[in-house]
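> Structure below; questions to follow.
The values are calculated or read from the model by the stated rules, or taken from the named source; none is laboratory data. Everything numeric here is computed off the predicted structure, so don't read it as measured data. Every residue, glycine as well, gets a Cβ built from its backbone with ideal geometry; the counts of neighbours run over all protein chains shown.
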Amino acid sequence: MTRIVAITNQKGGVGKTTTGVNLAASLSASRRRVLLVDLDPQGNATMGSGVDKRTLAATIYQVLLGTRRIADVRVHSEQGGYDLVPANRELAGAEVEMVELERRESRLREALAEIASEYDFILIDCPPALNLLTVNGLTAAHAVMIPMQCEYYALEGLSDLVQTVKKVRSHLNPNLEIEGLLRTMYDPRNTLAQQVSQQLLAHFGEKVYRTVIPRNIRLAEAPSHGLPAIKFDETSKGAQAYLALAGEMLNRAAH
């Protein structure tokens, strides 16, 4: 059974793309068939997978507008060992163009239905906004993974996101659930980070992943080489944390 997970948080810079790329590579290293969908016009997941976004003939943009099939647009990331549906700047125009289209919220879900059975996991890297692209990601997914930094404003943004998930559930995707909250860029020496982390555990309990992603220089350097961290430096704390997260996800899926 394919598991489709949207990685989302309307706040930028919380490690969404880092999580998408490294989790895809880690699941792939665990012998799972993985597809990563880049749904962000910045195309960072595409570049981080070692694919040059400037030379692409077609991307997720054409898929959402219905002019190309998703099977023809996907490419293989040699560096990550997974398949990728790439994105680039063109996608920024999709918002406006999709407004006129029928079933505009479920374009991605319909496209993925054609190839979903070929994968164990499909990860969707959503843009840092609660817009039509993100709604497409949430409508297509079974569950939402929310990467977040343990800081004061993060909790505020989280309640907005939970409301959006509830709206999508009631109108578009009744089976959508919160897969889990992932603490990213975590610095255990920071007292505020510890406090926010405790609040998350108190509020969300089992929904908070036990795995914590540390602040790690190798994770930050890897994308500039077009590599996931486990291929850039597998021994780094960041790479090890994502391998542990993949293990935790597989454990949860098994139960």
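> Taking region 1-28 only, how many residues are under 18 Å from SER117 (Cβ atoms), of a type in the set (S, T, N, Q) and assigned to a helix (DSSP H, G or I)?
1
> Could you check region 5-21 and list, in sequence order, the residues that are at pLDDT below 95 and of a type in the set (Val, Ile, Thr)?
The one that is at pLDDT below 95 and of a type in the set (Val, Ile, Thr): VAL14.
> Restricting attention to region 105-153, which residues are charged (D, E, K, R) and either free of Cβ contacts under 8 Å to residues at least 60 places away in the same chain or out of contact with any strand residue (DSSP E or B) (no Cβ under 6 Å at 6 or more places or on another chain) (or both)? So that I can check it myself, show each step before the final result.
Kept after step one, since they are charged (D, E, K, R), are these residues of region 105-153: 105, 107, 109-110, 114, 118, 120, 125, 151.
GLU105, ARG107, ARG109, GLU110, GLU114, GLU118, ASP120, GLU151, listed by residue number.
> Can you go through ALA253, ALA244, ALA220 and tell me which one is assigned to a helix (DSSP H, G or I), modelled with pLDDT under 90, surrounded by fewer than 18 Cβ atoms within 10 Å (Cβ to Cβ) and of a type in the set (Gly, Ala, Ser)?
Working: ALA244 fails: modelled with pLDDT under 90; ALA220 fails: modelled with pLDDT under 90.
Going through ALA253, ALA244, ALA220 in turn, just one is assigned to a helix (DSSP H, G or I), modelled with pLDDT under 90, surrounded by fewer than 18 Cβ atoms within 10 Å (Cβ to Cβ) and of a type in the set (Gly, Ala, Ser): ALA253.
Conditions tested, residue by residue: (1) touching an Asp or Glu at 6+ places or on another chain (Cβ under 9 Å); (2) in a helix (DSSP H, G or I); (3) surrounded by fewer than 17 Cβ atoms within 10 Å (Cβ to Cβ).
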| residue | (1), (2), (3) |
| --- | --- |
| LYS167 | no, yes, yes |
| SER170 | no, yes, yes |
| GLY180 | yes, no, no |
| ARG189 | no, no, yes |
| ALA193 | yes, yes, no |
| VAL196 | yes, yes, no |
| LEU201 | no, yes, yes |
| PHE204 | no, yes, yes |
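> If you take the residues in region 221-255 that are among the small types (Gly, Ala, Ser) and free of Cβ contacts under 8 Å to residues at least 12 places away in the same chain, which one is farthest from CYS150 (Cα to Cα)? If you could, list the steps in order and put the result at the bottom.
Filtering region 221-255 for residues among the small types (Gly, Ala, Ser) gives 222, 224, 226, 229, 236, 238-239, 241, 244, 246-247, 253-254.
Then drop every residue that is not free of Cβ contacts under 8 Å to residues at least 12 places away in the same chain, which leaves 224, 254.
Values: SER224: 25, ALA254: 29 Å.
The selected residue is ALA254.
> Considering every residue within region 37-46, establish whether at least one is among the β-branched types (Val, Ile, Thr) and without any contact (Cβ under 8 Å) to a residue 24 or more places away in the chain. Spell out how you get there, then give the answer.
Start the filter on region 37-46 by keeping residues that are among the β-branched types (Val, Ile, Thr), which leaves 37, 46.
With without any contact (Cβ under 8 Å) to a residue 24 or more places away in the chain added as a condition, the list becomes none.
No, every residue in region 37-46 fails to be among the β-branched types (Val, Ile, Thr) and without any contact (Cβ under 8 Å) to a residue 24 or more places away in the chain.
> Another question about this same structure. Of the residues that sit in region 83-127 and are among the acidic types (Asp, Glu) and out of contact with any helix residue (DSSP H, G or I) (no Cβ under 7 Å at 6 or more places or on another chain), which one is nearest to ALA246 (Cα to Cα)?
First pass over region 83-127, keeping only residues among the acidic types (Asp, Glu): 83, 90, 95, 97, 100, 102, 105, 110, 114, 118, 120, 125.
Then keep just the ones that are out of contact with any helix residue (DSSP H, G or I) (no Cβ under 7 Å at 6 or more places or on another chain); that gives 83, 100, 102, 110, 118, 120.
Numbers: ASP83: 17, GLU100: 39, GLU102: 36, GLU110: 27, GLU118: 19, ASP120: 13 Å.
Taking the candidates together, the pick is ASP120.
> Next question, about the same structure. Quick one: which residue in ASP120, ASP38, ASP52, ASP83 is of a type in the set (Asp, Glu), farther than 25 Å from HIS171 by Cβ and in contact with a Pro (Cβ under 6 Å, 6 or more places away or on another chain)? Full working, then the answer.
On the way: ASP120 fails: in contact with a Pro (Cβ under 6 Å, 6 or more places away or on another chain); ASP52 fails: in contact with a Pro (Cβ under 6 Å, 6 or more places away or on another chain); ASP83 fails: in contact with a Pro (Cβ under 6 Å, 6 or more places away or on another chain).
Checking each option against the conditions leaves just ASP38.
> Taking only pairs six or more apart or across chains, which ones have beta-carbon atoms under 9 Å, a first residue in region 160-181 that is of a type in the set (Ser, Thr, Tyr), and a second residue that is crowded, with 19+ Cβ neighbours inside 10 Å and part of a helix (DSSP H, G or I)?
Matching pairs, first to second residue: THR164/THR134; THR164/VAL135; THR164/LEU138.
> Kindly establish whether ARG31 is free of Cβ contacts under 8 Å to residues at least 40 places away in the same chain and either under 16 Å from SER224 (Cα atoms) or in a strand (DSSP E or B) (or both). Walk me through it before giving the result.
Values: free of Cβ contacts under 8 Å to residues at least 40 places away in the same chain: yes; either under 16 Å from SER224 (Cα atoms) or in a strand (DSSP E or B) (or both): no.
Against the criterion (free of Cβ contacts under 8 Å to residues at least 40 places away in the same chain and either under 16 Å from SER224 (Cα atoms) or in a strand (DSSP E or B) (or both)), ARG31 does not qualify.
> Right, something else. If you go through region 212-234, how many residues are more than 14 Å from SER26 (Cβ to Cβ) and of a type in the set (Val, Ile, Thr)?
Adding up the residues that qualify gives 2.
> Here's another thing I want to ask about it. Tally the residues that are touching a Leu at 6+ places or on another chain (Cβ under 7 Å) and farther than 23 Å from ARG210 by Cβ, restricting the search to region 126-151.
So the answer is 8.
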